[in-house]
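The block underneath contains the structure these notes are about, expressed in structure tokens.
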Amino acid sequence: MFAVCPKCDHALPPAQRASAEACPACGLIFRKYVEAQSAPAPLPLRRAAFTIEEDDAPRYDSRTEAFFARILELPPEGRSPRLVAGAVFWLLLAILVVRYARWDIALYDEMPAGFLHTPMVPFHEFGHLLFMPLSEFMGVAGGSLAQFLMPLGFGIYFVIWKRDNLAGWLMLWWEGLEWVDLAPYCYDAKIPTMTLLSGRTGDTGGHDYIEILGTFGLLNQARGIGYLMQAFGVLLMVLALAWGAAYVWKLWESRGEKGFH
């Protein structure tokens, strides 16, 4: 079969070349060597295809760059209506942010766009029921906690699972609104004058923030904490507008690309 072993270059005697099954020097089995040389090599081909896919994938120099690329990712289709909706929402919400920043929470009856408070009430009341089994304190705090968690949960759902960054920045704005909405409730805890859903004021009982702040000995700081809640909520709204502006601008820049219709 072989005059010289392909592995160790050992010269076989002429009488053994036709019948030798293995090299007497290194033990190489000639039949297996021939089979290995003629066998197809599918794995390298699949690896090559995989390498091409890796090369096509976007690469980022840092996690920060990857993060911003992710939250500004555009959908493959339907960009035109998102551009229009995003621009309209951004303008309206920017006006509201200015009004919320200038609003004195002591005048809770004069809250800008007060109708936005109404859809928050069911989540607040449901939160009391949801967290009540954990403890008496959690039952009281659960109303506010539910308000904070609602837009946060929807935001994570839209951004992570639906990859919808338009809804994502709107939910961040709504998260800020929740803090602003609860700020006058906290402010009122020191000297209760706000009429609650029960039709009474908090001095007769049933005031969440009298219970919450009282538990931590912070009742005398209720008004300052209320203003801090308002400031934090406005900050979240501003961050949402910055995200929304970058997203809308990127949509605008993609007008000539495929999927913009």
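The values are calculated or read from the model by the stated rules, or taken from the named source; none is laboratory data. Bear in mind that the values here come from a model prediction, so they are computed numbers and not experimental data. Methodologically, a virtual Cβ is constructed for each residue, glycine included, from the backbone with ideal geometry; neighbour enumeration extends over all protein chains shown.
Enumerate the pairs (first residue in the range 109-122 and touching a residue at least 60 places away in the same chain (Cβ under 8 Å); second residue anywhere and in a loop (DSSP other than H, G, I, E, B)) with beta-carbon separation below 7 Å, excluding pairs fewer than 6 apart on the same chain, so at least 6 apart or on different chains. Close Cβ pairs (under 7 Å, with a partner that is in a loop (DSSP other than H, G, I, E, B)) amount to MET111/TRP103; HIS117/MET111. A search for C-beta distances below 9 Å between a residue of the range 241-254 that is within 14 Å of VAL84 (Cβ to Cβ) and buried (at least 22 other Cβ atoms within 10 Å of the Cβ) and any residue that is modelled with pLDDT under 95 and β-branched (Val, Ile, Thr), counting only pairs 6+ apart in sequence or on different chains, returns TYR247/ILE71. Take the conditions in the same structural domain as ALA245 (by TED's automatic domain parsing), surrounded by fewer than 22 Cβ atoms within 10 Å (Cβ to Cβ) and in contact (Cβ under 8 Å) with a residue 40 or more places away in the chain and apply them to ALA183. Does it pass? Considered against the rule, which asks whether it is in the same structural domain as ALA245 (by TED's automatic domain parsing), surrounded by fewer than 22 Cβ atoms within 10 Å (Cβ to Cβ) and in contact (Cβ under 8 Å) with a residue 40 or more places away in the chain, ALA183 comes out as no. For the range 237-248, does any single residue satisfy the condition of being in the same structural domain as VAL98 (by TED's automatic domain parsing) and closer than 20 Å to ILE105 by Cα? Yes, the range 237-248 contains at least one residue that is in the same structural domain as VAL98 (by TED's automatic domain parsing) and closer than 20 Å to ILE105 by Cα. As a summary of the residue check, PHE158 satisfies the conditions (1) surrounded by 18 or more Cβ atoms within 10 Å (Cβ to Cβ); (2) closer than 28 Å to GLY224 by Cα except for the one numbered (2).
All of (1) modelled with pLDDT of 95 or more; (2) touching a Phe, Trp or Tyr at 6+ places or on another chain (Cβ under 7 Å) hold for VAL97 with one exception: (2).
In the range 95-128, the residue that is nearest to MET229 (Cα to Cα) out of those that are small (Gly, Ala, Ser) and assigned to a loop (DSSP other than H, G, I, E, B) is ALA106.
Criterion first (closer than 20 Å to GLY114 by Cβ, among the aliphatic types (A, V, I, L, M) and surrounded by 21 or more Cβ atoms within 10 Å (Cβ to Cβ)) does MET150 satisfy it? Yes, satisfied. Taken together, the criteria exclude GLY226 from residues that are modelled with pLDDT under 85 and closer than 15 Å to SER144 by Cβ.
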